[in-house]
Amino acid sequence: MSRRNNEPLSDRVARAAEALLADQHYVSVADLFCGLGWLDASLLEQWRRGQVGSLEEVTRSGLPRIREAMTHVRAWALAKGLSPSETAYVAQTPSRQPLRFSRSNDPQLEELFRTHWVSPALSEKKRERVAAKASRAPELVAIVPARDGWSCHRCGGTGDFLMMEDGGPACLSCVGLGDLVFLPAGNALLSRRAKAKSKRHAVVVRFSRTRGRYERQGLLVEPQVLAEPGEAIA
């Protein structure tokens, strides 16, 4: 049996929480589970994209153990004088539906999951900025399909890009982004300007089989921002 398996869960939680606090000035349950080795970062991203029913479903631990870990992190946080901050979690989809943490969707359990513990060393303004950043809706993500001939689960159509929904892949038209145009990566200044000026945008990614991860390809932005003087693609 490994040393990790012999170590009390309270000690493992405290060590993982200390690392998170030092790195980002707050501790969230989702990040904690990654630190404990209970949750893969790739599965966490699938959940954030709305492709998983609840975070509990992809966590490598049962609900009793999950509850125990949350009890330990709360006790650790209160002992260190951290401030609780309830954070909104919404999916990386155009509908921005609330993300669910537990299979049961129990309100008390959901609140425990949503609570971030923020460093008391930060000033009030910095705490507000940290809380705002953590609550910010994630960027929409459009995927370059891995194969030709895919079909939208809503209309049966296809396209150069798709977005994943609970029912399957959806075309940009069906998710309300059919008017956006593709801006390839390569010109960082142009990408930043176009992203800042476009009221709607999505990050475009493609799955790399060799690297086993999604890699950024560019942006989808509103066409008028590229038609403005100084924003034309060279």
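The values are calculated or read from the model by the stated rules, or taken from the named source; none is laboratory data. A quick note: this is a predicted structure, and the numbers were derived from the prediction, not measured. Heads up, the Cβs are rebuilt from the backbone with ideal geometry, glycines too, and the neighbour counts pull from every protein chain shown. We work out accessible area using only protein heavy atoms, side chains counted, and drop any ligands, DNA or RNA first. Shrake-Rupley method; radii C 1.70, N 1.55, O 1.52, S 1.80 Å.
Write out, first by first residue and then by second, each pair whose Cβ atoms fall under 7 Å of each other, whose residues are 6+ apart or on separate chains, and whose first residue, in the stretch 183-206, is assigned to a loop (DSSP other than H, G, I, E, B) while the second is open to solvent by less than 70 Å² (accessible area, probe 1.4 Å) and of a type outside the set (A, V, I, L, M).
ALA185/SER191; ALA185/GLN217; ALA185/GLY218; SER198/GLU222; LYS199/GLU222; ARG200/GLU222
Right, LEU32: under 21 Å from LEU109 (Cα atoms), open to solvent by 40 Å² or more (accessible area, probe 1.4 Å), part of a helix (DSSP H, G or I) and not basic (Lys, Arg) or not? Can you show your working first?
Values: under 21 Å from LEU109 (Cα atoms): yes; open to solvent by 40 Å² or more (accessible area, probe 1.4 Å): no; part of a helix (DSSP H, G or I): yes; not basic (Lys, Arg): yes.
The answer is no for LEU32.
Given the residues ARG136, ARG211, ARG154, ARG206, which is the only one that is charged (D, E, K, R), surrounded by 13 or more Cβ atoms within 10 Å (Cβ to Cβ) and closer than 30 Å to SER28 by Cβ? Walk me through it before giving the result.
Numbers: ARG136 fails: surrounded by 13 or more Cβ atoms within 10 Å (Cβ to Cβ); ARG211 fails: surrounded by 13 or more Cβ atoms within 10 Å (Cβ to Cβ); ARG154 fails: closer than 30 Å to SER28 by Cβ.
Within the list ARG136, ARG211, ARG154, ARG206, the selection yields ARG206.
Determine which member of the set ARG74, ARG48 is at pLDDT below 95 and among the basic types (Lys, Arg). Full working, then the answer.
Details: ARG74 fails: at pLDDT below 95.
Going through ARG74, ARG48 in turn, just one is at pLDDT below 95 and among the basic types (Lys, Arg): ARG48.
With respect to SER54, is the statement that it is surrounded by 14 or more Cβ atoms within 10 Å (Cβ to Cβ) and either within 20 Å of PRO138 (Cβ to Cβ) or in contact with a strand residue (DSSP E or B) (Cβ under 8 Å, 6 or more places away or on another chain) (or both) true? If you could, list the steps in order and put the result at the bottom.
Details: surrounded by 14 or more Cβ atoms within 10 Å (Cβ to Cβ): yes; either within 20 Å of PRO138 (Cβ to Cβ) or in contact with a strand residue (DSSP E or B) (Cβ under 8 Å, 6 or more places away or on another chain) (or both): yes.
For SER54, the condition - surrounded by 14 or more Cβ atoms within 10 Å (Cβ to Cβ) and either within 20 Å of PRO138 (Cβ to Cβ) or in contact with a strand residue (DSSP E or B) (Cβ under 8 Å, 6 or more places away or on another chain) (or both) - is met.
Which condition breaks for GLU68 when tested against (1) surrounded by 18 or more Cβ atoms within 10 Å (Cβ to Cβ); (2) within 18 Å of LEU32 (Cβ to Cβ); (3) among the charged types (D, E, K, R)?
Of (1) surrounded by 18 or more Cβ atoms within 10 Å (Cβ to Cβ); (2) within 18 Å of LEU32 (Cβ to Cβ); (3) among the charged types (D, E, K, R), only one is false for GLU68: (1).
Looking at the stretch 207-216, is at least one residue more than 24 Å from ARG147 (Cβ to Cβ) and in contact (Cβ under 8 Å) with a residue 60 or more places away in the chain? Let's see the steps before the verdict.
Of the stretch 207-216, the ones more than 24 Å from ARG147 (Cβ to Cβ) are none.
Checking the stretch 207-216: not a single residue is more than 24 Å from ARG147 (Cβ to Cβ) and in contact (Cβ under 8 Å) with a residue 60 or more places away in the chain.
Can you tell me which of LEU109, LEU78 is open to solvent by 30 Å² or more (accessible area, probe 1.4 Å) and either in contact with a Phe, Trp or Tyr (Cβ under 7 Å, 6 or more places away or on another chain) or under 28 Å from ARG127 (Cα atoms) (or both)? Don't jump to the end; show me each part of the working.
Values: LEU109 fails: open to solvent by 30 Å² or more (accessible area, probe 1.4 Å).
Unique residue meeting the criteria: LEU78.
So, in the stretch 124-133, of the ones that are of a type outside the set (D, E, K, R) and buried (at least 16 other Cβ atoms within 10 Å of the Cβ), which residue ends up farthest from PRO94 (Cα to Cα)? Before the answer, list the steps.
So the first thing to find is which residues in the stretch 124-133 are of a type outside the set (D, E, K, R), and the list is 130-132.
The next check asks that each one be buried (at least 16 other Cβ atoms within 10 Å of the Cβ); those that pass are 130-131.
On the way: VAL130: 24, ALA131: 22 Å.
Per the criteria, the residue is VAL130.
Say whether the condition of being among the aliphatic types (A, V, I, L, M), modelled with pLDDT of 95 or more and open to solvent by less than 60 Å² (accessible area, probe 1.4 Å) is met by at least one residue in the stretch 91-102. Walk me through how you get there before you give the answer.
So the first thing to find is which residues in the stretch 91-102 are among the aliphatic types (A, V, I, L, M), and the list is 91, 99.
Those left that are additionally modelled with pLDDT of 95 or more: none.
So far as the stretch 91-102 goes, no, none of its residues is among the aliphatic types (A, V, I, L, M), modelled with pLDDT of 95 or more and open to solvent by less than 60 Å² (accessible area, probe 1.4 Å).
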